[in-house]
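*Asks:* Before I ask anything, let me first share the structure, which is written out below as structure tokens.
Just so it is clear, none of the values below were taken in a lab; they were calculated from the coordinates. What you are looking at is a predicted structure, and each value in this text was computed from that prediction instead of being measured. Note that each Cβ is placed from the backbone with ideal geometry, even for glycine, and that neighbours are counted across all protein chains shown.
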Amino acid sequence: MEKETILIVDDEREIRNLIEIYLKNEGYQVLQAEDGQQAIDLLENTDVDLIILDIMMPTLDGLTFTLQVREQKDMPIIMLSAKSQDLDKIHGLSTGADDYMTKPFNPLELIARVKSQLRRYVRINRAPVQPRQENEIELDDLLINTATHEVRVGGRDVRLTPTEFDILELLARNRGMVFSAKHIYEKVWKEPFYRSDNTVMVHIRKIREKIEENSRKPKYIKTVWGVGYKIET
């Protein structure tokens, strides 16, 4: 079976070529774009399974590109940036990215993250269709279909990224159970949580903005201060 297609968007040719070498060694199909606008044009006629994206680019930067892509598509996006401050990372994840790495980066770590994101994305999008009721989690007026990756609130369709969906599903399947940020990270990203960062917090905030009527007074995802997060509806 043919491997997934990955789009590299970076204005530095050397970085694009380096990443491509590692990806092709893993058997992936690889496309390149030197800025966000070129990538947008390419996506109009090409199916892509994952995007590796630089933030600082001419013509159309990575943040604006991500916002535009998220209006229609939900493939995983891994951001690359020379900016390593927490606020920069939060900003990147808040636009809809699934992961964030700082330059310079270890290509082998990047490949590991690519594989992790693709496993999640492929599992969601290629899951066999089963009877609807067997795959539904219903919490008041929140409906989650784990087979079709559909989320509805009060009859309204909600578009979540693959990472956001996995976090919501984890909490919904274990209602009443409190998950720490560390536990959520290791369950969803499937890698050790070896540092304290805001990745989980940012994703929780984005989910709340999409499913809650008032994200400051959440009905579904509750914060247990000093412990973690839970759904108890």
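*Asks:* Any chance you could run the full-extension gain for Lys3 through Asp47? It's 0.36 nm times the residue separation minus the Cα-Cα distance, nm to one decimal. Could you put the intermediate results ahead of the total?
*Replies:* Values: separation 44, 0.36 × 44 = 15.84 nm, distance 1.26 nm.
Net length gain for the segment: 14.6 nm.
*Asks:* Give the residue list of GluC sites (Glu not before Pro) in segment 1-55 that are DSSP loop and have at most 14 other beta-carbon atoms within 10 angstrom.
*Replies:* Counting only loop positions with at most 14 other Cβ atoms within 10 Å, the GluC sites (Glu not before Pro) in segment 1-55 are Glu2, Glu12, Glu26, Glu44.
*Asks:* Next up: Using only Cα atoms, figure out Rg for segment 132-231 and give it as a multiple of 2.2 N^0.38 Å.
*Replies:* Computed over Cα atoms of segment 132-231, the ratio equals 1.03.
*Asks:* Using only the alpha carbon atoms of the chain, find the Kirkwood hydrodynamic radius as the inverse mean reciprocal pair distance, in angstroms to one decimal. Mind dumping the intermediate values first?
*Replies:* Details: mean 1/r = 0.0542 Å⁻¹.
Evaluated on the chain, it is 18.4 Å.
*Asks:* Hey, another quick one. Which ordering of Arg119, Arg13, Arg70 is given by a fewest-first count of other beta-carbon atoms within 10 Å? Numbers along the way, then the final one.
*Replies:* On the way: Arg119 13, Arg13 10, Arg70 16.
By the 10 Å Cβ count, ascending: Arg13, Arg119, Arg70.
*Asks:* Then there is this: I need the GluC sites (Glu not before Pro) found in segment 165-230, filtered to DSSP loop residues with at most 14 other beta carbons within 10 Å of theirs.
*Replies:* Glu213
*Asks:* Go through Lys187/Lys230; Lys73/Lys219; Lys182/Lys206 and tell me which ones have a Cα-Cα distance over 20 Å in this structure.
*Replies:* Table pairs above 20 Å Cα-Cα are Lys73/Lys219.
*Asks:* From the C-alpha gyration tensor of segment 5-125, pull out the three semi-axes of the equivalent ellipsoid (sqrt of 5λ each), sorted largest to smallest, in whole Å.
*Replies:* 18, 17, 15
*Asks:* Under a 5 Å amide H to amide H cut-off, with H placed in plane at 1.01 Å, what residues pair with Asp61 once short-range neighbours are removed?
*Replies:* Here the answer is none, since no amide H 5 or more places off falls under 5 Å of that of Asp61.
*Asks:* Which one of Ser180, Pro107, Pro58 has its Cα pushed farthest toward the positive end of the charge dipole of the chain, where Lys and Arg give +1 and Asp and Glu give -1 at the Cβ?
*Replies:* Ser180
*Asks:* Here's a follow-up. Can you tell me the FRET efficiency between Leu143 and Arg216 if r is taken as the Cβ-Cβ distance and R0 is 22 Å, rounded to the nearest 0.05? Could you put the intermediate results ahead of the total?
*Replies:* Working: r = 23 Å, r/R0 = 1.06.
E between Leu143 and Arg216, to the nearest 0.05, is 0.40.
*Asks:* Right, something else. Exposure proxy check: Met201, Met101 ranked by fewest other beta carbons within 10 Å?
*Replies:* Ascending Cβ contact count within 10 Å gives the list Met201, Met101.
*Asks:* Mind giving me the FRET efficiency for Asp157 and Asn17? R0 is 45 Å, r the Cβ-Cβ distance, nearest 0.05 is fine.
*Replies:* Between Asp157 and Asn17 the formula returns 0.70.
*Asks:* Something else now. Counting each DSSP H run of 4 or more residues in the chain as -39500 (n - 2.57), what helix-only mean residue ellipticity at 222 nm follows after dividing by all residues, to the nearest 500 deg cm²/dmol?
*Replies:* The per-residue figure over the chain is -12000 deg cm²/dmol.
*Asks:* At R0 = 35 Å, how high is the FRET efficiency between Asn174 and Leu87 if r is their beta carbon distance? Nearest 0.05 is fine.
*Replies:* About 0.65, to the nearest 0.05.
*Asks:* Additional query: In nanometres, what is the gap between the two model label sites at Thr233 and Gln72, each 7 Å from Cα along Cα-to-Cβ?
*Replies:* Here the modelled spin labels are 3.1 nm apart.
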